[in-house]
1. Against the definition (part of a helix (DSSP H, G or I), at pLDDT below 90 and in contact with a Cys (Cβ under 6 Å, 6 or more places away or on another chain)), how does B:Ala195 come out, yes or no?
2. Out of segment A:44-67, which residues are crowded, with 17+ Cβ neighbours inside 10 Å and either more than 23 Å from the chain's Cα centre (by Cα) or within 14 Å of chain B (Cβ to nearest Cβ) (or both)?
3. Name, by its number, the condition in (1) within 14 Å of chain A (Cβ to nearest Cβ); (2) within 16 Å of the chain's Cα centre (by Cα) that does not hold for B:Glu243.
4. Tell me, yes or no, whether segment A:324-335 has at least one residue that is crowded, with 20+ Cβ neighbours inside 10 Å, out of contact with any Cys (no Cβ under 7 Å at 6 or more places or on another chain), over 17 Å from A:Val463 (Cβ atoms) and touching a residue at least 60 places away in the same chain (Cβ under 8 Å).
5. Tell me, please, whether a residue that is under 19 Å from B:Leu245 (Cα atoms), out of contact with any Ser or Thr (no Cβ under 9 Å at 6 or more places or on another chain) and not in a helix (DSSP H, G or I) can be found in segment A:142-155.
6. Need pairs with beta-carbon distance below 9 Å; first residue part of a loop (DSSP other than H, G, I, E, B) and within segment B:372-398, second modelled with pLDDT of 80 or more and β-branched (Val, Ile, Thr); sequence gap 6+ or separate chains.
7. Tell me which helices (runs of 4 or more DSSP H) are completely within segment A:157-255 and hold 1 or more residues being aromatic (Phe, Trp, Tyr) and either in contact with a Lys or Arg (Cβ under 7 Å, 6 or more places away or on another chain) or modelled with pLDDT of 75 or more (or both), or say none if there are none.
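The values are calculated or read from the model by the stated rules, or taken from the named source; none is laboratory data. If you're wondering where the values come from, they're calculated on a predicted model, not measured in any experiment. Cβ placement follows ideal geometry from the backbone for every residue including glycine, while neighbour counts extend to all protein chains displayed.
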Amino acid sequence: MTEPEPVVELTGITKRFPGVVANSDVHLTVRAGEVHAVCGENGAGKSTLMKILYGMQQPDEGTISVGGEVVELRNPQDAIKAGIGMVHQHFMLADNLTVRENVLLGAEGLYGMGRKARAKLAELSDRTGLHVDPDTLVENLGVADRQRVEIVKVLFRGARIVILDEPTAVLVPQEVDALFETVRSMQADGYTFLFISHKLDEVRAIADEVTVIRRGTTVGTVDPKEVTSRQLAEMMVGSELPSPETRESTVTDRPVLRVSELRLDADDGDRSVLDDVSLTVRAGEIVGIAGVEGNGQTELVETVMGMRKASAGTVELASSGGELRDITRLGTLARREAGIGYIAEDRHRHGLLLRQPLWSNRILGYQTREPVSSGRLINPAAARQDTERVVEEYDVRTPGVEVLAGALSGGNQQKLIVGRELSGEPVLLIAAHPTRGVDVGAQALIWEQMRAARHNGLAVLLVSADLDELIGLSDTIRVMLRGRLVSEADPATVTPTELGSAMTGAGEEAA
Amino acid sequence: MEKPDPTVTTSKRRLPGWARGALWAVVAIGVLSTASYLTDMPILTSSDTSQTALRLGLPILLAAIGGLWAERAGVMNIGLEGMMILGTWGSAWGAYYGGVWVGLAAGILFGLLGGLLHAVAVVTFNVNHIVSGVAINLLGLGVAQYLATLVFEPISGNPRESPPVAKFDTYSATFLSDWLGALEDEQRVVLSDVAGLLRGLVTHVSPLAMIALLLVPASYFILWRTRFGLRLRSCGESPVAAESLGVNVYLHKYIAVAASGGFAGMGGASLVLLEGGADYLENQVNGRGYIGLAAMIFGNYRPSGLLGGAALFGYADGLQLSGGGAAVLALCYGAVLLLAIIVVLQLIRRHWWAAAGGVAGAAVLYWIYWTNDELPSDLIPYTPHFVTIIVLAVAAQRLRVPKAIGQQYRRGEDT
């Protein structure tokens with residue numbers, strides 16, 4: 001087989017956001033009719049790159065050429081005209097409209113609204129394996145079918161190059177297999193795919209070529225058949241070790257959190273997202289949970305916090321006296337009052353009210369406790385005062401406590417949250433991605449604060465996708481895969497590469 | 001799970017809309033004729049009643065169509081009332097100076113202006129939809145009063161009333177009407193009842209009524225069968241998705257809300273320009289905008305449904321007007337019969353709680369019917385309002401509301 005023509009070529013793409021370089025000097029060449037995977041860790045810059053290719057964002061430097069011609073993509077419509085379509089990770093569908101209406105919307109001019117459009121839709125549905133009545137409401141479809149509707153939508157507009165952004169994140173394994181089958185058959189029909197993923201086994205299963213992105217830049221392009229998952233993981237995380245740290249152990253033998261045989265069934269009920277999870281966190285210990293996103297870490301955190309109801313198993317927390325108390329049946333507020341601090345993984349959804357001033361954000365989760373509340377009535381004056389203390393101690397860069405939380409940068413928002421959560425004298429801190437999307441300075445401060453709190457006997461459950469962070473902070477690392485804690489690693493000896501392999505399950509085959 | 005069975009989706013599908021509508025119409029006629037026979041109240045199905053019902057249902061129908069257009073585009077339009085009030089003044093003014101058709105046009109224009117104002121507030125300035133709607137209701141009332149004082153008082157000598165204005169001519173399908181009349185007079189069970197109800201609908205019908213009734217299928221066609229309608233509805237379901245596909249959300253919302261106001265204004269005109277209705281009269285709209293909105297919601301945001309809703313409220317209103325308290329009591333009896341049917345249906349579907357609720361409701365209504373010979377006359381005029389409350393309470397349970405309704409939308413902002 002001779003090398004086919006490149007259909008998409010990105011050269012020297014650089015994109016800067018205020019304070020961050022999302023992409024720097026990215027090169028990507030996609031040939032006609034191939035499935036080209038782009039993989040990298042979360043925050044490595046895959047999404048930004050795809051948004052640039054789909055015209056949702058403009059690059060600061062570099063050129064895009066499609067089919068040999070340099071093009072300028074100012075908006076998605078331009079990209080569609082160039083034959084590029086994107087299936088978003090979060091579907092852009094109107095639930096209350098039928099499948100046909102969703103596909104036709106905005107493209108009524110192509111085939112009209114009548115028989116011709118129906119015929120085209122039927123043909124594309126067949127090609128993508130969408131076996132539903134086009135007059136069904138999208139609301140009634142499962143996730144896999146919705147995804148196919150999105151693909152049909154893109155094809156209906158004449159796209160020959162399809163970007164699939166993390167398409168498997170929402171699917172169960174059988175659905176992933178079915179999707180791959182569809183992709184392969186469409187590939188045979190001459191479509192080109194850009195497949196965004198961080199799941200190495202899937203990338204190896206479907207891709208003809210893999211381009212790895214790390215820290216915003218392309219590390220290299222490889223043939224997945226010639227490399228092992230382990231090598232890919234190495235490219236993804238890089239092999240540099242975290243900065244060495246003073247690691248005098250502060251671990252005591254006093255358990256603070258004990259989770260036993262925890263199970264959580266998925267909302268649709270036919271699989272478990274958490275299965276037989278048991279772990280103990282002792283005072284002065286940081287237990288890190290490593291894992292590729294979507295393997296149950298979020299669910300574990302939310303179950304321990306009481307935001308989800310465990311299907312089986314127990315959660316116990318040390319009371320002030322030191323003996324463990326069963327909190328499985330308690331609600332979230334009661335758990336917080338029992339001494340759990342919580343840094344949520346998505347600070348905009350769970351951690352803050354963006355349209356409220358800092359001081360009322362200080363009250364969140366403490367609305368029943370001193371000093372911001374007397375139990376029944378909140379005390380704004382005390383809240384303002386205590387927020388000023390947090391701002392001072394945790395170096396939150398803000399003009400004042402009356403500023404809306406949404407006006408702060410991500411790092412300062414996070415420092416406020418960390419300060420708030422460490423203010424309630426917690427016995428346990430649950431930190432989910434505590435330094436995600438924050439600048440280096442804030443990261444250092446947050447790490448410092450967490451170490452200090454650990455030194456004072458705080459137990460910490462740390463979930464992070466940043467392997468350097470995990471290795472640098474944790475006393476013990478547990479690896480989570482498909483809802484189970486599969487292995488344990490000693491942060492003193494493990495390298496990010498080894499950890500990355502264990503996370504993707506690649507360790508088993510490559511070893 | 002991975003391979004959805006196509007038969008499952010088809011078997012879940014309900015009857016087509018027109019069949020369901022026809023079925024409900026048959027049930028309604030059956031219930032009414034049974035009730036009129038058992039309570040000895042022929043007025044329940046007389047041609048007078050249905051004729052009045054058509055006249056009184058029109059403003060509600062038009063307001064409901066207006067509501068449909070706005071809400072399908074994702075804009076709550078509680079300002080229908082105010083737009084109707086503007087329509088009443090506009091149509092009286094137009095009709096006084098230029099005849100009925102000018103009056104109708106002026107009514108539509110005034111309503112449309114109210115709609116545009118709502119669109120500016122809600123779409124461009126992102127004002128809360130309810131707040132803007134209430135403001136328009138207050139404004140519509142105030143503007144109409146002001147204009148009436150300014151324009152009508154010098155002529156009629158009364159700031160609350162316009163001078164007599166031209167009314168629409170009415171037309172009857174004479175042959176059909178006479179034949180149905182003969183049939184009605186024979187007093188045969190069911191047959192005469194159907195004849196009576198139908199006769200009211202073909203006798204003394206104004207062009208405005210015909211236009212309004214045609215607007216129902218026309219709205220269906222435009223909103224569900226054309227590209228414009230699809231885009232309009234997509235704005236009410238998922239503006240972000242619509243925008244990502246190149247739909248101009250702002251433009252479609254503007255058109256929808258302006259059209260909504262135009263329909264409401266037409267509804268206002270139908271209060272003024274119909275034979276048997278008053279001329280412009282302060283407070284003559286009297287909540288019909290809200291009732292129209294309720295009829296539309298009861299109709300599950302669909303044209304056929306809102307037609308049913310408007311018919312129900314028009315009928316309740318017409319009945320209390322032509323039959324008084326005794327007729328309303330008979331209607332209670334009819335409602336008991338209807339509830340009995342619903343209870344049986346719910347029992348078949350094994351919805352025990354719904355069935356129990358139906359039984360309780362039927363018991364209360366029957367008790368009202370049994371213990372009273374005459375309802376307090378002060379309450380009778382509010383029959384349609386009571387019907388609104390009860391029907392909405394029952395209907396609110398399985399509605400399919402446009403998903404993005406009432407949401408503020410700014411271009412370029414994610415969800």
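1. On the way: part of a helix (DSSP H, G or I): yes; at pLDDT below 90: yes; in contact with a Cys (Cβ under 6 Å, 6 or more places away or on another chain): no.
Considered against the rule, which asks whether it is part of a helix (DSSP H, G or I), at pLDDT below 90 and in contact with a Cys (Cβ under 6 Å, 6 or more places away or on another chain), B:Ala195 comes out as no.
2. Here is the first cut: in segment A:44-67, the residues crowded, with 17+ Cβ neighbours inside 10 Å are A:44-57, A:59, A:62, A:64, A:66.
Of everything in segment A:44-67, those that are crowded, with 17+ Cβ neighbours inside 10 Å and either more than 23 Å from the chain's Cα centre (by Cα) or within 14 Å of chain B (Cβ to nearest Cβ) (or both) turn out to be A:Ser47, A:Lys51, A:Tyr54, A:Gly55, A:Met56, A:Gln57, A:Pro59, A:Gly62, A:Ile64, A:Val66.
3. Among (1) within 14 Å of chain A (Cβ to nearest Cβ); (2) within 16 Å of the chain's Cα centre (by Cα), the lone unmet condition for B:Glu243 is (2).
4. no
5. Scanning segment A:142-155 turns up no residue that is under 19 Å from B:Leu245 (Cα atoms), out of contact with any Ser or Thr (no Cβ under 9 Å at 6 or more places or on another chain) and not in a helix (DSSP H, G or I).
6. B:Leu375/B:Val328; B:Leu375/B:Ile368; B:Leu375/B:Thr383; B:Leu379/B:Val328
7. Values: elements: A:173-188, A:200-206, A:229-237.
Hits in segment A:157-255: A:173-188.
A quick yes/no check of all residues on (1) under 30 Å from A:Ser229 (Cβ atoms); (2) among the β-branched types (Val, Ile, Thr):
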{"site": "A:Gly424", "(1), (2)": "no, no"}
{"site": "A:Thr435", "(1), (2)": "yes, yes"}
{"site": "A:Ile446", "(1), (2)": "no, yes"}
{"site": "A:Arg451", "(1), (2)": "no, no"}
{"site": "A:Gly457", "(1), (2)": "no, no"}
{"site": "A:Gly472", "(1), (2)": "yes, no"}
{"site": "A:Pro496", "(1), (2)": "yes, no"}
{"site": "A:Met503", "(1), (2)": "yes, no"}
